[in-house]
Amino acid sequence: MNKEKNGLELLLLLDLTLATMEEYKLKGVVKNKANLFRNAVEKSVNDAMDKNSELDEEFTNNAINLKQRMIKQIASFNEADNILLSEFVNKFYNNIDIARKKGVVFFDKLMN
C-alpha cells in the first residue's frame with residue numbers, strides 16, 4: 001500500500017474514533033490528544049490529497065464527503081449493527097472485482 005492510502009485510512013479511523021468519542025461524551029485531555037493526533041496525520045497526507053484535488057477537485061470533494069457520511073453512520077450504529085455491517089463489508093471485500101463490474105446490481109443481489 002502507498003503512503004497516501006495508509007494516511008487516508010488512518011484519517012478515516014481517527015474520524016471514526018472522534019465521532020465515537022462524541023457518542024460516549026468523552027472530553028478533555030483524551031479528546032484533545034485525539035484531535036492533535038488527527039491533525040498531525042492530516043498535515044502529513046495533505047500533499048497527496050492536494051495532488052488528487054488538482055487532478056479532479058469535484059471527485060475528491062465528493063469522495064471526502066461520502067467517507068465522512070460513512071464515518072458518521074458507522075459511529076451511530078450499535079454493536080449488533082456493526083457486526084452485521086462487518087459481515088456485509090467482508091462479502092463486498094471478498095467479491096470486490098464483481099462489485100466493481102456490476103455496481104448497484106451486486107448490492108441488490110447481496111441484499112436479497
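Derivation of every value follows stated rules applied to the coordinates shown; laboratory data play no part. All values derive from a computational prediction rather than experimental measurement. All Cβ positions, even for glycine, are placed from backbone atoms using ideal geometry, and neighbour counts span all protein chains on display.
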Net charge dipole size for the chain [Lys, Arg +1 and Asp, Glu -1 on Cβ; Debye, nearest 20]: 260 debye
Protection proxy ranking, peptides 27-37, 64-74, average beta carbon neighbours within 10 Å, highest first: 64-74, 27-37
From the list (i) 2, 10, 14, 18, 20, 17, 11, 5, 2, 0; (ii) 2, 13, 18, 19, 16, 12, 9, 8, 3, 0; (iii) 2, 10, 20, 22, 16, 12, 8, 4, 3, 2, 1, 0, 0, can you say which value of P(r) over Cα pairs in 5 Å bins from 0, in percent was derived from the structure given? (i)
Please sort through the DSSP H helices of the chain and keep those with an alpha-carbon extent of at least 27 Å along the long axis and a Kyte-Doolittle average not below -1.0. 3-23, 29-55, 57-76
